[in-house]
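Scroll down for the structure; my scribbles are underneath it.
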Amino acid sequence: MTKFKFISLPLIVMLVSLTLYPALAHKKNHTPPPPQDPSQPPQDPKPKPPRDPKDCPPPRDRKRRSPPRTPPPQEPKQDPPPPQEPKQDPPPPQDPPPPQEPKQDPPPPQEPKQDPPPPQDPPPPEDKKDIPPPDEPKKPTPFHNRFKGRFEAVIAFGDSYTDTGNAQFLGGLSISFSGSLSSPYGSTTFGKGSNRLSDGRLVIDFITDSLGLPVLPPYQQTVANFTTGVNLAIAGATTVANDIFSKLARVFLWKGTPLGIMTELEWYKKYQIEHLCKGLDQKACSEKIKTVLFWVGEIGINDFSRAVGSKIPLKSIAKSSVTYTIELVRTLIRNGAKNIVVQGLPPLGCLPLDISLTPISLRDRSGCSLIVNTAVIVHNQILQAKLELYRKLFPDVTIIYADSWKAYYAIVNNAKKYQIQEVHKTCCGSTIKQDDMNFNIQSMCGSSGTSICSDPSKYISWDGIHPTESMNYHMTDQYINHGCCHPPFDELMKKPAPK
Ligand SMILES: *[C@@H]1O[C@H](CO)[C@@H](O)[C@H](O)[C@H]1NC(C)=O
């Protein structure tokens, strides 16, 4: 009985939210239908490297450049003030603050009740699936070996945008995307068993290839060579303490209560002992850590999307999600990390998932969810302010902010240039139309009644939640080549590698 309740409540919440917004089914187009050319055979899905140094304009340019087709998001203010209310910032979990915390970073005051402090992730499910590791992709990426030799290893954190198999090996995902012959996931690059929530490569795959390193094995893969790094990202991971979600919010992707960022940190500690620093004394271990690039992938999709339509205010989600991300960064620094890239959040309100959950009255001119994007802006602002603070506190640590928001709009506002035809439409999705996005939360990519578009590289969204390989390529290109990192990506790459 209890079990039934546990399962049914989120379902009811989901159904109710869909029932409440029946207008979704008839809302007008987000983007004009692109010229269809069914006679043309699908093109080579390999992304073509665009070369334009002006691709990623500074934010203030956004208004001027926006073409009529996809207006920029209605940000409440062009440059909203730096994060206010530091007093409501919930205290970081567990560890005490570092000794030299300056005055600007006020001591975190009392915790709001609904945000319990030390997040305790539930133990991972026991039933590991016996899935063979995916093949290495045959084709090198356009970034192949660009920064070869700069780092000996990469250690990645994040959610489904970065996970290369942990969630799959844990068997916790609610949608089947791999291990099945008919699965459309991985179809562009890896074939079945890609263990990635995309049709092909993720940003992290492009990054490791640029460093001349093999694809990152997921930590949960039992037989793997962890010499050149590990991927600790978990699809479905949340930053916010999980119990917030257990009662109120809807469930997707992850069957039960999702794992969180703190699980990833636990895994990291084990990885360091069992692999990275195995057989090394403390000094040698510190030296070793200097040769590692730490990649803190975006974490928040699940937090924000789950909260839409629930009683949880999105802005409080934003504040907590930053707090946990920053706590992860702080722990890595305290542990000796010298090179860290932190991804900001892209406009999650533009995911077909979030659009479909947002009533029309709460959408912006381009059709994205205004409430979600407003919260994402808050998240990104606080995150950047904190990272700036950490750069001052720890001058010997290079901390790069990968501006996913900026990169996303640099691409979307120049969609034609990148041969993107569909900005909001889902490539792999429901044929039973719920709206013009080819997306139906009850019939997601891979389930019956869904189909795949003929050329994923013309789409931004693969399945309504995750980008296509092509979009992941363009995002990486923006980070590396078009100024969407702060400080520039090259600053990290030109730093001499420790001997
Ligand atoms: C693991 O990978 C490293 C680097 O690619 C290589 O040198 C080493 O021989 C590999 N170890 C095993 C056991 O395959």
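In table form, for the structure just shown:
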| quantity | calculated |
| --- | --- |
| Matching residues in segment 194-228 - criterion: being assigned to a loop (DSSP other than H, G, I, E, B), away from the ligand (no atom under 16 Å from the Cβ) and under 15 Å from residue 159 (Cα atoms) | 195, 196, 197, 198, 201, 202, 220 |
| Residue that is surrounded by the fewest Cβ atoms within 10 Å (Cβ to Cβ) [pool: residues in segment 347-370 that are in contact with a Lys or Arg (Cβ under 9 Å, 6 or more places away or on another chain) and not hydroxyl-bearing (Ser, Thr, Tyr)] | 360 |
| Cross-chain or 6+ apart pairs with Cβ under 8 Å, segment 376-399 first and touching a residue at least 40 places away in the same chain (Cβ under 8 Å), then polar (S, T, N, Q) and in a helix (DSSP H, G or I) | 379/321; 383/325 |
| Matching residues, segment 387-404, being part of a helix (DSSP H, G or I) and crowded, with 23+ Cβ neighbours inside 10 Å | 404 |
| Residue 320, sole failed condition from (1) modelled with pLDDT of 90 or more; (2) hydroxyl-bearing (Ser, Thr, Tyr); (3) over 24 Å from residue 395 (Cβ atoms) | (1) |
| One residue from 341, 322 being surrounded by fewer than 24 Cβ atoms within 10 Å (Cβ to Cβ), in contact (Cβ under 8 Å) with a residue 60 or more places away in the chain and under 19 Å from residue 384 (Cβ atoms) | 341 |
| Matching residues in segment 471-496 - criterion: being modelled with pLDDT under 95 and in contact with a helix residue (DSSP H, G or I) (Cβ under 9 Å, 6 or more places away or on another chain) | 490, 493 |
| Contacts under 9 angstrom Cβ, first residue in segment 216-238 being without any contact (Cβ under 8 Å) to a residue 24 or more places away in the chain, partner within 15 Å of the ligand (Cβ to nearest atom) and part of a loop (DSSP other than H, G, I, E, B), 6 or more apart | 225/214; 225/217 |
| Test: residue 468 is touching a strand residue (DSSP E or B) at 6+ places or on another chain (Cβ under 7 Å), modelled with pLDDT of 90 or more and crowded, with 20+ Cβ neighbours inside 10 Å | yes |
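The values are calculated or read from the model by the stated rules, or taken from the named source; none is laboratory data. Note that the coordinates shown come from a computational prediction; the quantities given were computed from them, not determined experimentally. Glycine gets a Cβ as well: all are built from the backbone with ideal geometry, and neighbour counts include every protein chain shown.
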